[in-house]
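Comments concern the structure below.
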Amino acid sequence: MEIRLSCENLELELEKKKILKDISLEVRSGEILALLGESGCGKSSLLKAMLGLYPLSKGKIFFQGKEIQNLPSHKRGISVVFQDLRLFPHLNVGENVGFSLELQKVPKAERKKRVEELLKLVQLDGYSERRIDSLSGGQMQRVAIARALAMNEKLLFLDEPFSALDPNLRREMGDFLLELQKKENLTVVLVTHDQEEALRLAHRIALMKDGEILQVDEGERLYYAPVNEYVARFMGKGNSILGRVENGVFSCPYFSFPVEKEEGNYSFFFRERQLSFTEEIGERQIAEKQIAKKQGESLLQAKEGSIEEQKAGDGEAGDSKAGYSKSKEEVAGTIGATEALSPFKLIEKEYLGEFFRAFYKNSAGQVLSCLIERGEELPERGFPKLSFKEGEEKILFLLKEGE
(Lines give C-alpha, C1' and ligand atoms only; values in the text may rest on other atoms or scores of the structure.)
Protein backbone atom coordinates (compact mmCIF):
# COMPACT_ATOMS: atom_id res chain seq x y z
CA MET A 1 0.00 0.00 0.00
CA GLU A 2 1.22 3.50 -0.87
CA ILE A 3 2.74 5.50 1.99
CA ARG A 4 1.22 8.99 2.01
CA LEU A 5 3.14 10.45 4.97
CA SER A 6 6.09 9.17 6.97
CA CYS A 7 8.29 10.33 9.84
CA GLU A 8 11.81 9.20 10.64
CA ASN A 9 13.40 9.55 14.09
CA LEU A 10 11.49 12.69 15.08
CA GLU A 11 12.54 14.44 18.27
CA LEU A 12 10.93 17.53 19.75
CA GLU A 13 12.08 19.58 22.72
CA LEU A 14 10.04 22.42 24.22
CA GLU A 15 11.23 24.52 27.17
CA LYS A 16 14.15 22.12 27.68
CA LYS A 17 11.78 19.16 28.01
CA LYS A 18 11.88 16.31 25.52
CA ILE A 19 8.32 15.95 24.19
CA LEU A 20 8.88 13.46 21.34
CA LYS A 21 11.50 10.72 21.47
CA ASP A 22 12.72 9.06 18.28
CA ILE A 23 9.31 8.83 16.59
CA SER A 24 9.09 6.85 13.34
CA LEU A 25 5.68 6.38 11.75
CA GLU A 26 4.05 5.65 8.40
CA VAL A 27 0.58 6.83 7.32
CA ARG A 28 -0.83 4.77 4.47
CA SER A 29 -2.87 6.23 1.66
CA GLY A 30 -6.63 5.92 2.19
CA GLU A 31 -6.49 4.90 5.85
CA ILE A 32 -7.58 6.41 9.14
CA LEU A 33 -4.65 6.26 11.55
CA ALA A 34 -5.42 7.11 15.18
CA LEU A 35 -2.83 8.64 17.49
CA LEU A 36 -4.03 7.35 20.84
CA GLY A 37 -2.88 7.97 24.39
CA GLU A 38 -3.42 9.73 27.67
CA SER A 39 -3.37 13.52 27.96
CA GLY A 40 0.23 14.74 27.82
CA CYS A 41 1.59 11.66 26.03
CA GLY A 42 2.68 13.72 23.01
CA LYS A 43 0.03 12.84 20.42
CA SER A 44 -1.09 16.43 19.69
CA SER A 45 2.55 17.58 19.75
CA LEU A 46 3.36 14.95 17.12
CA LEU A 47 0.49 16.20 14.97
CA LYS A 48 1.67 19.81 15.25
CA ALA A 49 5.26 18.81 14.55
CA MET A 50 4.15 17.10 11.32
CA LEU A 51 2.17 20.22 10.45
CA GLY A 52 5.24 22.40 10.97
CA LEU A 53 3.82 24.29 13.96
CA TYR A 54 6.61 23.03 16.27
CA PRO A 55 10.31 23.08 15.29
CA LEU A 56 11.92 19.64 15.34
CA SER A 57 15.15 18.94 17.20
CA LYS A 58 15.86 16.02 14.90
CA GLY A 59 14.28 13.88 12.21
CA LYS A 60 12.69 13.97 8.76
CA ILE A 61 9.12 14.12 7.46
CA PHE A 62 8.14 12.88 4.00
CA PHE A 63 4.89 13.64 2.16
CA GLN A 64 4.39 11.48 -0.93
CA GLY A 65 8.13 10.77 -0.93
CA LYS A 66 9.31 14.39 -0.67
CA GLU A 67 10.94 15.91 2.40
CA ILE A 68 8.75 18.60 3.93
CA GLN A 69 10.18 19.26 7.41
CA ASN A 70 11.73 22.52 6.23
CA LEU A 71 8.61 23.78 4.42
CA PRO A 72 6.21 26.28 6.02
CA SER A 73 2.92 24.84 7.25
CA HIS A 74 0.76 26.18 4.40
CA LYS A 75 2.97 24.48 1.79
CA ARG A 76 2.94 20.96 3.28
CA GLY A 77 -0.30 19.83 1.61
CA ILE A 78 -2.03 18.93 4.88
CA SER A 79 -5.44 20.13 6.10
CA VAL A 80 -6.31 20.23 9.79
CA VAL A 81 -9.29 20.57 12.12
CA PHE A 82 -8.36 21.48 15.69
CA GLN A 83 -10.33 20.72 18.82
CA ASP A 84 -11.55 24.34 19.13
CA LEU A 85 -12.53 24.35 15.41
CA ARG A 86 -11.32 27.98 14.97
CA LEU A 87 -14.32 29.07 12.91
CA PHE A 88 -14.71 32.81 12.31
CA PRO A 89 -17.82 34.05 14.18
CA HIS A 90 -18.11 37.22 12.06
CA LEU A 91 -18.33 35.19 8.82
CA ASN A 92 -21.29 33.08 7.72
CA VAL A 93 -21.02 29.37 6.91
CA GLY A 94 -20.17 29.83 3.23
CA GLU A 95 -17.57 32.49 3.96
CA ASN A 96 -15.90 30.23 6.54
CA VAL A 97 -15.74 27.31 4.12
CA GLY A 98 -14.43 29.48 1.28
CA PHE A 99 -11.95 31.50 3.35
CA SER A 100 -8.81 29.69 2.15
CA LEU A 101 -10.09 29.81 -1.44
CA GLU A 102 -10.46 33.57 -1.16
CA LEU A 103 -6.90 33.88 0.14
CA GLN A 104 -5.75 31.99 -2.93
CA LYS A 105 -7.68 34.48 -5.07
CA VAL A 106 -9.95 31.81 -6.57
CA PRO A 107 -12.56 33.59 -8.74
CA LYS A 108 -15.86 34.29 -6.95
CA ALA A 109 -18.05 32.12 -9.17
CA GLU A 110 -15.67 29.16 -8.91
CA ARG A 111 -15.36 29.73 -5.17
CA LYS A 112 -19.14 29.72 -4.70
CA LYS A 113 -19.49 26.50 -6.67
CA ARG A 114 -16.78 24.77 -4.63
CA VAL A 115 -18.34 25.93 -1.34
CA GLU A 116 -21.74 24.51 -2.34
CA GLU A 117 -20.11 21.20 -3.34
CA LEU A 118 -18.37 20.97 0.03
CA LEU A 119 -21.50 21.84 2.01
CA LYS A 120 -23.38 19.13 0.13
CA LEU A 121 -20.54 16.72 0.86
CA VAL A 122 -20.83 17.36 4.61
CA GLN A 123 -24.66 17.25 4.46
CA LEU A 124 -25.21 20.97 4.99
CA ASP A 125 -26.96 21.87 1.71
CA GLY A 126 -28.49 25.33 1.89
CA TYR A 127 -26.55 26.43 4.98
CA SER A 128 -24.25 28.86 3.16
CA GLU A 129 -25.90 32.05 4.47
CA ARG A 130 -26.35 30.89 8.07
CA ARG A 131 -24.51 32.45 10.98
CA ILE A 132 -21.98 30.27 12.81
CA ASP A 133 -23.61 30.92 16.19
CA SER A 134 -26.91 29.53 14.90
CA LEU A 135 -25.43 26.06 14.32
CA SER A 136 -25.40 23.01 16.57
CA GLY A 137 -22.13 21.46 17.74
CA GLY A 138 -22.26 18.75 15.11
CA GLN A 139 -23.03 21.25 12.34
CA MET A 140 -20.04 23.39 13.35
CA GLN A 141 -17.87 20.26 13.20
CA ARG A 142 -19.02 19.67 9.63
CA VAL A 143 -18.32 23.28 8.63
CA ALA A 144 -14.78 22.96 10.02
CA ILE A 145 -14.21 19.74 8.05
CA ALA A 146 -15.60 21.32 4.86
CA ARG A 147 -13.24 24.29 5.28
CA ALA A 148 -10.30 21.91 5.78
CA LEU A 149 -11.18 20.11 2.53
CA ALA A 150 -11.62 23.30 0.53
CA MET A 151 -8.13 23.16 -0.98
CA ASN A 152 -8.66 19.61 -2.30
CA GLU A 153 -6.11 18.16 0.09
CA LYS A 154 -6.40 14.39 0.52
CA LEU A 155 -4.55 14.30 3.85
CA LEU A 156 -6.63 15.46 6.80
CA PHE A 157 -5.46 15.87 10.40
CA LEU A 158 -8.12 15.86 13.14
CA ASP A 159 -6.98 16.91 16.63
CA GLU A 160 -9.56 15.66 19.17
CA PRO A 161 -12.35 17.08 16.96
CA PHE A 162 -15.28 15.39 18.73
CA SER A 163 -14.16 15.55 22.37
CA ALA A 164 -16.55 18.39 23.33
CA LEU A 165 -19.64 16.64 21.93
CA ASP A 166 -22.12 14.56 23.90
CA PRO A 167 -21.80 10.76 23.45
CA ASN A 168 -24.64 10.39 20.91
CA LEU A 169 -23.45 13.28 18.75
CA ARG A 170 -19.87 12.07 19.04
CA ARG A 171 -20.86 8.69 17.66
CA GLU A 172 -22.89 10.36 14.91
CA MET A 173 -19.87 12.44 13.88
CA GLY A 174 -17.71 9.32 13.92
CA ASP A 175 -20.13 7.63 11.52
CA PHE A 176 -20.04 10.74 9.34
CA LEU A 177 -16.22 10.66 9.28
CA LEU A 178 -16.21 7.01 8.21
CA GLU A 179 -18.67 7.74 5.39
CA LEU A 180 -16.76 10.81 4.23
CA GLN A 181 -13.38 9.07 4.34
CA LYS A 182 -14.66 6.17 2.27
CA LYS A 183 -16.47 8.37 -0.23
CA GLU A 184 -13.52 10.72 -0.82
CA ASN A 185 -10.75 8.14 -0.20
CA LEU A 186 -9.24 10.50 2.37
CA THR A 187 -6.12 9.78 4.37
CA VAL A 188 -6.87 10.79 7.95
CA VAL A 189 -4.72 11.13 11.07
CA LEU A 190 -7.04 11.28 14.08
CA VAL A 191 -5.82 12.31 17.54
CA THR A 192 -7.95 10.89 20.35
CA HIS A 193 -7.70 9.74 23.96
CA ASP A 194 -10.77 7.51 23.62
CA GLN A 195 -9.93 3.82 23.13
CA GLU A 196 -13.40 2.89 21.91
CA GLU A 197 -13.40 5.72 19.36
CA ALA A 198 -9.98 4.64 18.05
CA LEU A 199 -11.04 0.99 17.82
CA ARG A 200 -14.26 1.87 16.00
CA LEU A 201 -12.92 4.42 13.52
CA ALA A 202 -9.27 3.67 12.79
CA HIS A 203 -7.78 1.14 10.40
CA ARG A 204 -4.61 1.25 12.53
CA ILE A 205 -3.73 2.74 15.91
CA ALA A 206 -0.45 4.21 17.14
CA LEU A 207 -0.51 4.06 20.94
CA MET A 208 1.74 6.64 22.63
CA LYS A 209 3.16 7.05 26.13
CA ASP A 210 5.63 9.66 27.41
CA GLY A 211 6.53 10.90 23.93
CA GLU A 212 7.12 7.45 22.45
CA ILE A 213 5.09 5.12 20.24
CA LEU A 214 4.66 1.78 22.00
CA GLN A 215 2.82 -0.11 19.27
CA VAL A 216 1.34 0.56 15.83
CA ASP A 217 -1.15 -2.04 14.72
CA GLU A 218 -4.72 -2.87 13.84
CA GLY A 219 -7.09 -2.35 16.74
CA GLU A 220 -7.79 -6.05 17.21
CA ARG A 221 -4.12 -6.84 17.63
CA LEU A 222 -3.60 -4.02 20.13
CA TYR A 223 -6.55 -5.41 22.06
CA TYR A 224 -5.69 -9.12 21.94
CA ALA A 225 -1.93 -9.10 21.21
CA PRO A 226 -0.48 -6.03 22.97
CA VAL A 227 3.30 -5.77 23.27
CA ASN A 228 3.25 -5.05 27.00
CA GLU A 229 0.95 -4.69 29.99
CA TYR A 230 0.54 -0.93 29.61
CA VAL A 231 -0.86 -1.40 26.10
CA ALA A 232 -3.05 -4.26 27.28
CA ARG A 233 -4.62 -2.31 30.12
CA PHE A 234 -4.94 0.94 28.17
CA MET A 235 -6.90 -0.77 25.40
CA GLY A 236 -9.48 -2.24 27.76
CA LYS A 237 -10.26 -3.85 31.07
CA GLY A 238 -8.89 -7.29 31.84
CA ASN A 239 -7.64 -9.61 34.53
CA SER A 240 -4.22 -10.77 35.70
CA ILE A 241 -3.43 -14.04 37.44
CA LEU A 242 0.04 -15.00 38.64
CA GLY A 243 1.40 -18.36 37.60
CA ARG A 244 4.50 -20.22 36.52
CA VAL A 245 5.78 -21.87 33.36
CA GLU A 246 7.62 -25.17 33.74
CA ASN A 247 8.34 -27.79 31.09
CA GLY A 248 6.22 -25.96 28.51
CA VAL A 249 3.13 -25.71 30.72
CA PHE A 250 1.69 -22.60 32.37
CA SER A 251 0.04 -23.36 35.70
CA CYS A 252 -1.88 -21.19 38.13
CA PRO A 253 -4.29 -22.11 40.93
CA TYR A 254 -7.24 -22.38 38.54
CA PHE A 255 -6.06 -23.87 35.24
CA SER A 256 -3.05 -24.93 33.19
CA PHE A 257 -2.26 -25.24 29.49
CA PRO A 258 0.77 -25.72 27.19
CA VAL A 259 2.72 -22.64 26.08
CA GLU A 260 5.91 -21.78 24.22
CA LYS A 261 7.58 -19.71 26.92
CA GLU A 262 10.77 -19.89 28.91
CA GLU A 263 10.45 -21.16 32.45
CA GLY A 264 9.70 -18.56 35.08
CA ASN A 265 7.00 -16.63 36.89
CA TYR A 266 4.43 -14.88 34.72
CA SER A 267 1.39 -12.69 34.96
CA PHE A 268 -1.34 -14.11 32.74
CA PHE A 269 -3.50 -11.26 31.32
CA PHE A 270 -6.85 -11.95 29.65
CA ARG A 271 -9.96 -10.00 28.70
CA GLU A 272 -13.22 -9.87 30.65
CA ARG A 273 -15.19 -11.40 27.77
CA GLN A 274 -12.93 -14.44 27.85
CA LEU A 275 -13.88 -15.26 31.45
CA SER A 276 -16.90 -16.94 32.99
CA PHE A 277 -17.61 -18.78 36.25
CA THR A 278 -18.91 -22.29 36.70
CA GLU A 279 -19.38 -24.59 39.68
CA GLU A 280 -18.76 -27.76 37.64
CA ILE A 281 -15.19 -26.87 36.75
CA GLY A 282 -14.53 -25.92 40.34
CA GLU A 283 -15.87 -29.20 41.69
CA ARG A 284 -13.67 -31.16 39.29
CA GLN A 285 -10.62 -29.10 40.20
CA ILE A 286 -11.27 -29.60 43.91
CA ALA A 287 -11.65 -33.34 43.42
CA GLU A 288 -8.41 -33.55 41.47
CA LYS A 289 -6.53 -31.54 44.09
CA GLN A 290 -7.93 -33.62 46.94
CA ILE A 291 -6.77 -36.79 45.19
CA ALA A 292 -3.33 -35.24 44.65
CA LYS A 293 -3.21 -34.23 48.31
CA LYS A 294 -3.94 -37.79 49.44
CA GLN A 295 -1.27 -39.10 47.09
CA GLY A 296 1.17 -36.60 48.57
CA GLU A 297 0.33 -37.63 52.11
CA SER A 298 0.81 -41.30 51.24
CA LEU A 299 4.17 -40.51 49.65
CA LEU A 300 5.23 -38.57 52.75
CA GLN A 301 4.25 -41.47 55.06
CA ALA A 302 6.20 -43.90 52.91
CA LYS A 303 9.26 -41.66 53.04
CA GLU A 304 9.03 -41.39 56.84
CA GLY A 305 8.80 -45.20 57.21
CA SER A 306 11.79 -45.67 54.96
CA ILE A 307 13.85 -43.17 56.95
CA GLU A 308 13.01 -44.83 60.30
CA GLU A 309 14.23 -48.15 58.97
CA GLN A 310 17.51 -46.60 57.86
CA LYS A 311 18.11 -45.04 61.29
CA ALA A 312 18.92 -48.51 62.68
CA GLY A 313 21.63 -48.96 60.05
CA ASP A 314 25.43 -48.78 60.26
CA GLY A 315 26.01 -45.09 61.04
CA GLU A 316 24.41 -43.63 57.92
CA ALA A 317 21.54 -42.13 59.88
CA GLY A 318 23.00 -38.62 59.70
CA ASP A 319 23.16 -38.62 55.93
CA SER A 320 19.77 -40.32 55.73
CA LYS A 321 18.21 -37.73 58.01
CA ALA A 322 19.47 -34.98 55.74
CA GLY A 323 17.93 -36.82 52.82
CA TYR A 324 14.70 -37.18 54.79
CA SER A 325 14.53 -33.48 55.52
CA LYS A 326 14.90 -32.53 51.87
CA SER A 327 12.36 -35.07 50.70
CA LYS A 328 9.83 -33.89 53.28
CA GLU A 329 10.13 -30.29 52.06
CA GLU A 330 9.59 -31.38 48.48
CA VAL A 331 6.52 -33.42 49.39
CA ALA A 332 5.16 -30.64 51.61
CA GLY A 333 5.47 -28.26 48.65
CA THR A 334 3.47 -30.67 46.53
CA ILE A 335 0.75 -30.88 49.18
CA GLY A 336 0.58 -27.10 49.57
CA ALA A 337 0.23 -26.60 45.84
CA THR A 338 -2.68 -29.01 45.61
CA GLU A 339 -4.89 -27.79 48.42
CA ALA A 340 -8.54 -27.35 47.52
CA LEU A 341 -9.41 -23.89 46.23
CA SER A 342 -12.06 -21.63 47.71
CA PRO A 343 -14.78 -20.57 45.26
CA PHE A 344 -15.19 -17.04 43.96
CA LYS A 345 -18.29 -15.21 45.16
CA LEU A 346 -20.21 -12.52 43.30
CA ILE A 347 -19.59 -9.20 45.11
CA GLU A 348 -20.80 -6.54 42.67
CA LYS A 349 -22.22 -5.99 39.20
CA GLU A 350 -22.49 -2.97 36.92
CA TYR A 351 -25.21 -2.46 34.32
CA LEU A 352 -23.68 -1.58 30.93
CA GLY A 353 -26.70 -1.70 28.63
CA GLU A 354 -26.42 -4.97 26.72
CA PHE A 355 -23.97 -6.34 29.27
CA PHE A 356 -23.35 -6.64 32.97
CA ARG A 357 -19.84 -6.38 34.37
CA ALA A 358 -19.64 -8.85 37.25
CA PHE A 359 -16.95 -8.83 39.94
CA TYR A 360 -16.02 -12.03 41.79
CA LYS A 361 -13.74 -12.41 44.80
CA ASN A 362 -12.30 -15.44 46.58
CA SER A 363 -11.10 -15.92 50.17
CA ALA A 364 -7.52 -15.06 49.16
CA GLY A 365 -8.64 -11.59 48.04
CA GLN A 366 -8.25 -12.22 44.27
CA VAL A 367 -10.83 -10.18 42.33
CA LEU A 368 -11.73 -11.07 38.73
CA SER A 369 -14.26 -9.38 36.44
CA CYS A 370 -16.21 -10.72 33.50
CA LEU A 371 -18.84 -9.48 31.04
CA ILE A 372 -22.23 -11.16 31.04
CA GLU A 373 -24.87 -10.58 28.37
CA ARG A 374 -28.36 -9.73 29.52
CA GLY A 375 -30.29 -12.93 30.05
CA GLU A 376 -27.15 -14.99 30.54
CA GLU A 377 -26.88 -16.92 33.80
CA LEU A 378 -24.92 -15.07 36.47
CA PRO A 379 -23.95 -17.57 39.21
CA GLU A 380 -23.56 -16.35 42.78
CA ARG A 381 -20.39 -18.41 43.16
CA GLY A 382 -18.09 -20.49 41.02
CA PHE A 383 -14.62 -21.03 39.61
CA PRO A 384 -12.96 -19.27 36.67
CA LYS A 385 -13.28 -20.75 33.21
CA LEU A 386 -11.61 -19.34 30.09
CA SER A 387 -12.91 -19.49 26.53
CA PHE A 388 -11.63 -17.97 23.29
CA LYS A 389 -13.22 -17.32 19.93
CA GLU A 390 -11.56 -18.82 16.89
CA GLY A 391 -8.72 -16.68 15.60
CA GLU A 392 -8.21 -14.72 18.81
CA GLU A 393 -4.81 -14.43 20.39
CA LYS A 394 -5.40 -16.77 23.31
CA ILE A 395 -2.98 -15.50 25.87
CA LEU A 396 -0.76 -12.65 26.85
CA PHE A 397 2.07 -13.48 29.24
CA LEU A 398 4.12 -10.92 31.03
CA LEU A 399 7.03 -11.61 33.32
CA LYS A 400 6.43 -10.15 36.74
CA GLU A 401 9.65 -8.20 36.36
CA GLY A 402 8.10 -6.46 33.36
CA GLU A 403 10.29 -8.12 30.77
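The table below gives the values:
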read-out: Top-ranked residue of region 210-239 - restricted to ones that are closer than 24 Å to K385 by Cα and of a type in the set (D, E), ranked as least open to solvent (accessible area, probe 1.4 Å); value: E229
read-out: Any hit, region 242-253, residues being in contact with a helix residue (DSSP H, G or I) (Cβ under 8 Å, 6 or more places away or on another chain) and not charged (D, E, K, R); value: no
read-out: Subset of region 200-209 [surrounded by fewer than 20 Cβ atoms within 10 Å (Cβ to Cβ) and either part of a helix (DSSP H, G or I) or not assigned by the TED database to the domain that holds D175 (or both)]; value: R200
read-out: Residue in region 152-174 that is modelled with the lowest pLDDT, counting only those that are open to solvent by 70 Å² or more (accessible area, probe 1.4 Å) and not polar (S, T, N, Q); value: K154
read-out: Region 51-62 residues that are more than 14 Å from G211 (Cα to Cα) and of a type in the set (A, V, I, L, M, F, W, C), paired with ones that are open to solvent by 70 Å² or more (accessible area, probe 1.4 Å) and outside any loop (DSSP other than H, G, I, E, B) (beta carbon under 9 Å, 6 or more apart); value: I61/E8; I61/E67; F62/E8
read-out: Flag if K16 is open to solvent by 40 Å² or more (accessible area, probe 1.4 Å) and on the phi > 0 side of the Ramachandran plot; value: yes
read-out: Residue count for region 142-156, restricted to those that are part of a helix (DSSP H, G or I), in contact (Cβ under 8 Å) with a residue 60 or more places away in the chain and out of contact with any Ser or Thr (no Cβ under 6 Å at 6 or more places or on another chain); value: 3
read-out: Qualifying residue in region 40-48 (condition: in a strand (DSSP E or B), surrounded by fewer than 16 Cβ atoms within 10 Å (Cβ to Cβ) and modelled with pLDDT under 95); value: no
read-out: Selection count, region 210-231, where residues are in a strand (DSSP E or B) and in contact with a strand residue (DSSP E or B) (Cβ under 6 Å, 6 or more places away or on another chain); value: 5
read-out: Single residue of region 359-371 satisfying the filter (of a type outside the set (F, W, Y) and touching a residue at least 60 places away in the same chain (Cβ under 8 Å)) that is farthest from F255 (Cα to Cα); value: L371
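Every residue, every condition in (1) part of a loop (DSSP other than H, G, I, E, B); (2) loosely packed, with under 14 Cβ neighbours inside 10 Å; (3) among the acidic types (D, E), yes or no:
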site	(1), (2), (3)
L10	no, no, no
I23	no, no, no
E26	no, no, yes
Y54	yes, no, no
I61	no, no, no
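The values are calculated or read from the model by the stated rules, or taken from the named source; none is laboratory data. If you're wondering where the values come from, they're calculated on a predicted model, not measured in any experiment. Cβ sites come from the backbone with ideal geometry, for glycine too, and all protein chains shown count toward neighbours. For the accessible areas, the whole protein counts, side chains as well, though only heavy atoms, and no ligand, DNA or RNA atoms are used. Shrake-Rupley method; radii C 1.70, N 1.55, O 1.52, S 1.80 Å.
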